[in-house]
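Contents: one structure, followed by commentary.
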Amino acid sequence: MKNEEIDRAESLSNLNDLIAACTQCSLYKDKTNDVPGTGNEKAEVMFIGEAPGREEDLKGEPFVGAAGKFLNEMLESIELSRDKVYIANVLKHRPPNNRDPEPDEIEACWPFLVKQIDIIKPILVVFLGRHALNRFFPTAKISEVHGQAFRREWQGNKQVFLALYHPAAALYNGSMRETLKEDFAKIPKLINKIKSEERPIQNKLIN
C-alpha cells in the first residue's frame, strides 16, 4: 500500500477500508478484526493508546477491556463519553500475546495515525502511555511529563498534546490510579484554555 492512497482518504470510513487491506507488517495474518479506532470524526479530543489487546481484537474497538472500563469512568468524571471523543492506538492490529509493538509495525501504522489526526483535527491529542508518547517524542519519559501539555508543529499547524499514564498501568496501582485521575481532570480546563487562546499554555514545552 502506498502512502498516496492513504493521503487521498477523505473520511475515517475510507481510511478504515485501507487499514483492513493493509499487509505492510505481519500482524494482519493473525487478526480477528481490524482495530482502527472509534468515536466522533469531529472530536475535539483524540486519545492515542499503544495497541489492541485480546478483547479489542475480538470486538474491533480500542479500549474495551478492563483498561477501557477505567477510561470510560474517567471520561464520565469530566462529563465526556466515547461518542464525543475519538480513541485510537499506535497499532491497528493486535501484537501476539499483547507484546510491545515492534519498530517495523509502528512504522507501518504511522501513516494511518497521521491521517486520522489530519481528518479529525482535534484541538487536543492525549497520549495514553509511553508508547504513544514516544512515537511523537522519542526521548520523553512518561514519568517526567505526565499531566503536562505541550505544543509542536504538526502538519503546518501548532498542535497541543497531553501525556497521561496508560489506564492499564493504573488498574492495580492505587497511587498511579489517583495520579491518572488528577491528570485526566486537567483536560476540560486545557480545552477551554486552547479555545480562548488568551495566553499561551504555561505547562512545560517539549522541543
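The values are calculated or read from the model by the stated rules, or taken from the named source; none is laboratory data. If you're wondering where the values come from, they're calculated on a predicted model, not measured in any experiment. A quick note on method: Cβ atoms are made from the backbone with ideal geometry, for glycine too, and the neighbour counts reach across all protein chains shown.
With respect to the conditions (1) surrounded by fewer than 20 Cβ atoms within 10 Å (Cβ to Cβ); (2) free of Cβ contacts under 8 Å to residues at least 60 places away in the same chain, Leu18 falls short on a single one, namely (2). The number of residues in segment 27-50 that are in contact (Cβ under 8 Å) with a residue 40 or more places away in the chain, surrounded by fewer than 21 Cβ atoms within 10 Å (Cβ to Cβ) and more than 12 Å from Lys92 (Cα to Cα) comes to 6.
The residue that is nearest to the chain's Cα centre (by Cα), counting only those in segment 65-94 that are of a type in the set (Gly, Ala, Ser) and closer than 18 Å to Ala185 by Cβ, is Ser81.
Those residues that are modelled with pLDDT of 90 or more and not in a helix (DSSP H, G or I), I need them from segment 172-207; list them, please. Across segment 172-207, the qualifying residues are Ala185, Lys186. Pairing residues of segment 176-191 that are over 13 Å from Ala149 (Cβ atoms) with residues that are of a type in the set (Phe, Trp, Tyr) and assigned to a helix (DSSP H, G or I), at Cβ distances under 9 Å and at least 6 apart in sequence or on separate chains, gives Arg177/Phe70; Leu180/Phe70. Residues that are acidic (Asp, Glu) and either modelled with pLDDT under 95 or surrounded by fewer than 22 Cβ atoms within 10 Å (Cβ to Cβ) (or both) number at least 3 in the following helices (runs of 4 or more DSSP H) confined to segment 51-145: 103-120. Taking segment 171-181 as the range and being charged (D, E, K, R) and farther than 14 Å from Leu128 by Cα as the test, only Glu178 passes.
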